[in-house]
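First comes the structure, then the notes that go with it.
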Amino acid sequence: MGSVSPAMRGRRSHAERMALALSLLADPVLDALVGPRVPFEALPACMAALLAPPPPGHPAPLCPVITYGAAAPAAPEQGLTRACSA
């Protein structure tokens with residue numbers, strides 16, 4: 001991101017713009033754009049599935065999430081389970 005144009009800077013402070021952006025990110029509709037979650041350890045096995053064309057009727061992953069450490073799920077999310085041998 002760049003900077004806000006001088007003509008628009010007076011409307012909101014940096015903190016107000018950041019708070020607005022973060023509140024907009026809380027919209028659950030945006031969750032459809034992020035995923036699937038793939039543990040880092042499973043990434044080599046899942047890479048082909050992530051890059052392959054999706055099955056008919058399923059969207060391609062827009063922004064896969066790579067998880068690390070203790071917070072990582074034990075296995076790839078449902079959409080990649082059949083294609084990954086984690």
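On the stretch given as segment 19-56, residues that are open to solvent by less than 90 Å² (accessible area, probe 1.4 Å) and part of a helix (DSSP H, G or I) total 14. Scanning segment 30-38 turns up no residue that is modelled with pLDDT of 90 or more and out of contact with any helix residue (DSSP H, G or I) (no Cβ under 8 Å at 6 or more places or on another chain).
The values are calculated or read from the model by the stated rules, or taken from the named source; none is laboratory data. Predicted, not measured: the structure shown is a model, and the values here were computed from it. Methodologically, a virtual Cβ is constructed for each residue, glycine included, from the backbone with ideal geometry; neighbour enumeration extends over all protein chains shown. The protein model used for the area step is the full one, side chains on, heavy atoms only, and it has no ligands, DNA or RNA in it. Shrake-Rupley method; radii C 1.70, N 1.55, O 1.52, S 1.80 Å.
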